[in-house]
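Asks: So that we are looking at the same thing, I have put the structure below in C-alpha cells.
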C-alpha cells in the first residue's frame, strides 16, 4: 500500500474523532458564530477545510469542476460527514491518479498568474491545513463548554 494512502487513512481516523466530539454539541452550537475565530463557526471551518481539498486536489490538480461547499446548506455534523465522504472520494482519486508521481509539478493559472506546485506539496498542504483548523475547532468547542478528547493524530493499529 502506498505510504500517502496509509497516511490519509490516519487523517480520516483523526477526523472521525473530531466528528464524534462535534456530535456531543447541539446542532445550534455546531453552527453558532463565535467571536475571535476566522470563519465564525465550527460548521464554517469544516466547510472551509473541505473547500481546501476541493480547490487544491480537485480543481488545481485534477482539473475537476467542483461545486463549492455552502456552509449554510449544512445544518449538522451528519450532513458535514456527507460532505467529507466526497472529500474522501476526491482524495482517493487524487492519490490513485498521481501515485508514485509525487515530484510532478503542475502549473495552472491562479489569481491571474501562473502557479506551480508539486503533487506532494498539494497533498501536504491540504492535510496540514485540515490539522491547523482541527485545533481551532477544538478551541471553539472548549469555548462552548465541551471538553475535547485527544484529537492529535490517531495512533494507527499495528499492521
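The values are calculated or read from the model by the stated rules, or taken from the named source; none is laboratory data. This structure is a prediction, so every number in the text was calculated from the model and none was measured. Cβ atoms come from the backbone with ideal geometry, glycine included; neighbour counts cover every protein chain shown.
Asks: Does the stretch 58-88 hold any residues that are assigned to a loop (DSSP other than H, G, I, E, B) and closer than 21 Å to residue 9 by Cβ, and which are they?
Replies: The one that is assigned to a loop (DSSP other than H, G, I, E, B) and closer than 21 Å to residue 9 by Cβ: 62.
Asks: Would you mention how many residues in the stretch 15-48 are within 11 Å of the chain's Cα centre (by Cα) and more than 18 Å from residue 90 (Cβ to Cβ)?
Replies: Adding up the residues that qualify gives 1.
Asks: Shifting gears a bit: Determine, yes or no, whether residue 51 is free of Cβ contacts under 8 Å to residues at least 24 places away in the same chain, surrounded by 15 or more Cβ atoms within 10 Å (Cβ to Cβ) and either under 16 Å from the mean Cα position of the chain (by Cα) or more than 18 Å from residue 133 (Cα to Cα) (or both).
Replies: yes
Asks: Sticking with this structure for a sec: Check off (1) in contact with a helix residue (DSSP H, G or I) (Cβ under 6 Å, 6 or more places away or on another chain); (2) under 26 Å from residue 37 (Cα atoms) for residue 102 and give me the number that stays unchecked.
Replies: (2)
Asks: Now for a different question. State all residues of the stretch 89-134 that are loosely packed, with under 15 Cβ neighbours inside 10 Å and assigned to a strand (DSSP E or B); if no residue qualifies, say none.
Replies: 105, 107, 108, 109, 110, 113, 114, 115, 116
Asks: Check off (1) modelled with pLDDT under 95; (2) surrounded by fewer than 17 Cβ atoms within 10 Å (Cβ to Cβ) for residue 4 and give me the number that stays unchecked.
Replies: The failed condition is (2).
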